[in-house]
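The values are calculated or read from the model by the stated rules, or taken from the named source; none is laboratory data. Since the structure is predicted, the reported quantities are computational estimates derived from the model, not experimental observations. When we count neighbours, we look across all protein chains shown, and the Cβ atoms used for this are built from the backbone with ideal geometry, even at glycine.
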Amino acid sequence: NTVYILNGPNLNLLGKRQPHIYGHTTLADVEKSCSELGEALGVGIRFLQSNHEGQIIDWIHEARETGAGIVINPAAFTHTSVAILDALNTFEGPVIEVHISNVHKRESFRHHSYVSLRADGVIAGCGTEGYLLGLRRVASLIAGAAA
Ligand code: DQA
């Protein structure tokens, strides 16, 4: 029961990047919290970040083979990538889309998400806690316990 937690471009700089928008928590901190929660929920996690669209697509293909669910913050690719949408459409398990900021409160180009056409749920504006909420949701969907 491995949940892939995928992060798109510039999220390697989380904590340093526009902290007034994204906060001071680093991606390493997020990974640690997700590992702890994964353990409590009884799911393994594979936590990954890339600045390259093709790498994210390759990981989604890997998840097709070995993953039970996906939590994804596609970052700017959210608003541009038909290729990531197509890759997610080949994945059969639950997909939750996470945005740290409330994209709907921001520039209009952030209001549209290609990934939302596939996502089973979307969490935005809950800060880095959104990853934990997303992981909880994916775990309940995997367990078949969710409404
Ligand atoms: C983001 C929102 C995107 O619009 C932006 O390009 C990001 C991060 C978020 O987590 O709030 O890089 O996905």
Looking at the range 6-61, which of its residues are touching a strand residue (DSSP E or B) at 6+ places or on another chain (Cβ under 7 Å), charged (D, E, K, R) and closer than 14 Å to ASN73 by Cβ?
GLU31
Got a number for residues in the range 18-34 being surrounded by 14 or more Cβ atoms within 10 Å (Cβ to Cβ), modelled with pLDDT of 95 or more and not aliphatic (A, V, I, L, M)?
7
Any hit, the range 45-55, residues being closer than 24 Å to THR80 by Cα, among the hydrophobic types (A, V, I, L, M, F, W, C), in a helix (DSSP H, G or I) and in contact (Cβ under 8 Å) with a residue 40 or more places away in the chain
no
Index of the failed condition, PHE77 passing every other in (1) over 24 Å from PRO19 (Cα atoms); (2) in a helix (DSSP H, G or I); (3) not basic (Lys, Arg)
(1)
Taking the options ALA75, ALA40, ALA68, name whichever one is away from the ligand (no atom under 16 Å from the Cβ) and either crowded, with 17+ Cβ neighbours inside 10 Å or of a type in the set (Ser, Thr, Tyr) (or both).
ALA68
